[in-house]
Amino acid sequence: MKEADDVRAARNKNGEIRAVNGKNEMLKKAGIVGVVALVAFLLGFVPMWLSSRTHENERDVAINTLRPSVLQNTLGTAALNARRGEFEQARKQTSDFFTDLRSEMESETGAFNAKQLAAAQPILAQRDETITLLARNDAAAVDRLTDLYFNFMQMKNTPEPEKK
């Protein structure tokens, strides 16, 4: 009888060992499935991330190229509004132009080169006088805005100095 009890105990121990081994095998399979899922995810994620970075860089270049044109458009619209006698609207647009020009000049990733930045200083110097003329509904503001527009166009079209 004692032998039968020892055999049963051994079987119980073997059964428990088998159960533990079964759990280990399940954990190994789950780990393998998890690793395969992670690899599959990364195989899809990495190319999309690289593509996203490329498009992000292209977007930044396009925005950088567009900024001077937006400034030109704002100033041109202000000049047209002043010519039509809408001095308050022209004053707001002129103020926006000078604010945006200043922030573009101070930006680290600005769209203007050093020569253009130097040419923009005289344009910025006319800010207060021009806005004051517009606030007074002075007809001289029309000519001032037209001159500013052409000065800005010259500044914007100044070529970048050649690097040696």
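The values are calculated or read from the model by the stated rules, or taken from the named source; none is laboratory data. Worth saying up front: this structure is predicted, and the values here are computed from it rather than measured. Cβ placement follows ideal geometry from the backbone for every residue including glycine, while neighbour counts extend to all protein chains displayed.
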Scan T54, T99 and give me the residue that is among the β-branched types (V, I, T), surrounded by fewer than 18 Cβ atoms within 10 Å (Cβ to Cβ), in a helix (DSSP H, G or I) and at pLDDT 95 or above.
-> T99
Within region 73-82, considering residues that are in contact with a helix residue (DSSP H, G or I) (Cβ under 9 Å, 6 or more places away or on another chain) and either free of Cβ contacts under 8 Å to residues at least 60 places away in the same chain or not in a helix (DSSP H, G or I) (or both), the one nearest to I63 (Cα to Cα) | T74
What number of residues within region 148-164 satisfy the criterion of being modelled with pLDDT of 95 or more and either more than 20 Å from K115 (Cβ to Cβ) or in contact with a Lys or Arg (Cβ under 6 Å, 6 or more places away or on another chain) (or both)?
-> 0
For residues that are among the hydrophobic types (A, V, I, L, M, F, W, C) and either surrounded by fewer than 14 Cβ atoms within 10 Å (Cβ to Cβ) or not in a helix (DSSP H, G or I) (or both), tally how many sit in region 106-134.
-> 6
